[in-house]
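Read through the structure below, which is laid out as structure tokens, and then see the notes.
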Amino acid sequence: MFKIREALAADLPAITSIYAECVLNDTATYEIDAPDLGEMTKRFETIKANGYPYLVAEDEQGVVLGYAYASAFRGRPAYNWLVEDSIYLAPAARGKGLGKVLLKTLLERCSALGFRQMTAVIGGASAGSIAVHASLGFEHCGRLKASGFKHGKWLDTVFMQIAMGEGDKTLPDPNVYPGKLYQ
């Protein structure tokens, strides 16, 4: 069993460790060198300061098993209603449905904040990540072939997308942005 909650600064050592394992052993991220706690703290503070959700999943003993956050897709005002998701799990937590629970909660939070679209940029074209996103309604919207080189091989990147809330059915209020990036 696990609990999803807002991430706190106190969670950053565990988050940093989970991410470092992914950097060193996986293709979910195309970073080659694992960032240290100082860098991860800067990233966390930037995401939170700009109004994006940042979640952790913990077990009954309070051990962080994984985390997820939404962030700006690109730094241009026209993208204000689009967020990119990121989800990372400790090795022991993978394959148990935790990624799906984190993603579902992240979708709910982002929709409540007024974001209209979420994109997934799936490094290494991970079949597991693609399946989790598809199970929640994300659709394939592109593939960049041989876009990354890591662990001695070329990797594809898959893009998936889902509409949230009113999606593109109505125009957003041009004076109200869900994130704080361009307010």
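FYI, it's all coordinate maths here, none of it is from the lab. Since this is a predicted model, take the numbers as computed values, not measurements. All Cβ positions, glycine included, derive from the backbone under ideal geometry; neighbour counts span all protein chains shown.
Exceedance of the 28 Å cut-off in Cα-Cα distance is limited, within the set LYS42/LYS104; LYS3/LYS48; LYS3/LYS169; LYS3/LYS145; LYS42/LYS169; LYS96/LYS150, to LYS3/LYS169; LYS3/LYS145; LYS42/LYS169. Here the range 3-163 is treated with +1 on each Lys and Arg Cβ and -1 on each Asp and Glu Cβ, and its dipole about the Cα centre works out to around 520 debye. Here is how the number arises for the chain: DSSP H runs of 4 or more residues each give -39500 (n - 2.57), the sum is divided by the residue count, and the result at 222 nm is -9000 deg cm²/dmol. Computed about the Cα centre, the dipole magnitude for the range 61-122 is approximately 80 debye when only Lys and Arg (+1) and Asp and Glu (-1) carry charge, each at its Cβ.
A straight chain from ALA78 to LYS104 at 0.36 nm per residue would run longer than the Cα-Cα distance by 6.9 nm. Farthest toward the positive end of the dipole of the chain, out of VAL83, ALA146, THR170, is the Cα of THR170, where the dipole comes from beta carbon charges about the Cα centre. The charge dipole of the range 89-183, taken about its Cα centre with unit charges on the Cβ of Lys, Arg, Asp and Glu (plus for the first two, minus for the last two), comes to roughly 440 debye. In plain terms, the residue of SER135, SER111 with the fewest other Cβ atoms within 10 Å comes first and the most crowded comes last, giving SER135, SER111.
Pairs of Cα atoms under 8 Å, at least six residues apart: use those to get the relative contact order of the range 13-169, whole percent. Averaging sequence separation for qualifying contacts and normalising by length gives 20 percent for the range 13-169.
Restriction of the trypsin sites (Lys or Arg not before Pro) in the range 1-108 to DSSP coil positions whose beta-carbon has at most 15 other beta-carbons within 10 angstrom yields ARG74, ARG94, LYS96.
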